[in-house]
């Protein structure tokens, strides 16, 4: 190991180490001698601790790409894999050529700060979790000596207020009445929104619903997959299939869906086309344009409807939240709501709808006080 001043005034630190049967040398130039000394000391510590320098030149972005291909591709839900690929894109953009071993905690914190400027806190937290998993593996492989993601400060915009995710009971009634009247084959967005509002399904689950998963005689709805538009196919439900379940819908809605299917068949029949052949998967919300509408399209349609009805503007996911809040505010048992939403844990249901749970507890408290107060003469 040595430190020497170059002709251009820079300071060069050099270290030699044994890589298997061969000796190798690494060097790095610095403006200040103290920086070169610190680097030399750090490299000595890495060599003494058995650091693996065979991948010393791998970039941060390349390492994460390789890690995703090995650990987050096979046996991982397509949606989950795509989320890791999106994180990889962010790393390639911010750290295009920086080597993994050169990344300092300060560098990573600056990245997370910048990321948080344009993303929500939940997204920032999830992105950091993904990166940290890869870095902990790099640490275990002796590629790096410190976890630069440790205790990083997560920033991001605050989540929407609880009330922004739901429609109140009055707006719910107005929207539901409108959707019931317009949920025909000509208005596929309204039909899908009504399905979400009546079942509490996520948009992707509604988009992936097929007629063979709907028993219109018994009202049973089987939810065990969702639509993945990028690949034009089905994938497992959220949590790699953990959101599977069977729920029921009322008889009146079953009749409405039966009529909706008849309208679809008639529409294509009038053009001398076979609905079943055009729609071999049997997708319920297969449109007259022979495709499934996107979440963006449904959100735009919902925004127009809300504006027309002069009610609060919400997204398609609000159909799921409003479905649950409507049931809770009308006395539905929380375990039943958990069942309909297919939450793995009851606590998830409670935490998500705590605002309405507390409101109902207040009503129950008043009723309980009336019961317990009976018999006193004072």
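Listed conditions (1) loosely packed, with under 14 Cβ neighbours inside 10 Å; (2) not assigned by TED's automatic domain parsing to the domain that holds residue 320 are all met by residue 170, apart from (2). Among residues that are at pLDDT 85 or above and either assigned by TED's automatic domain parsing to the domain that holds residue 95 or exposed (fewer than 11 other Cβ atoms within 10 Å of the Cβ) (or both), residue 25 is not included.
Of all residues in the range 86-97, count the ones that are without any contact (Cβ under 8 Å) to a residue 40 or more places away in the chain and surrounded by 15 or more Cβ atoms within 10 Å (Cβ to Cβ). Counting residues in the range 86-97 that are without any contact (Cβ under 8 Å) to a residue 40 or more places away in the chain and surrounded by 15 or more Cβ atoms within 10 Å (Cβ to Cβ) gives 5. Among the residues of the range 267-279, is any in contact with a helix residue (DSSP H, G or I) (Cβ under 7 Å, 6 or more places away or on another chain) and in contact (Cβ under 8 Å) with a residue 60 or more places away in the chain? Looking through the range 267-279, none of the residues is in contact with a helix residue (DSSP H, G or I) (Cβ under 7 Å, 6 or more places away or on another chain) and in contact (Cβ under 8 Å) with a residue 60 or more places away in the chain. The one condition from (1) farther than 17 Å from residue 103 by Cα; (2) at pLDDT 80 or above that residue 35 does not meet is (1).
If you go through the range 110-143 and keep only what is out of contact with any strand residue (DSSP E or B) (no Cβ under 8 Å at 6 or more places or on another chain) and not in a helix (DSSP H, G or I), you end up with 118, 141, 142, 143.
The values are calculated or read from the model by the stated rules, or taken from the named source; none is laboratory data. No experiment lies behind these values; they were computed from the predicted model shown. A quick note on method: Cβ atoms are made from the backbone with ideal geometry, for glycine too, and the neighbour counts reach across all protein chains shown.
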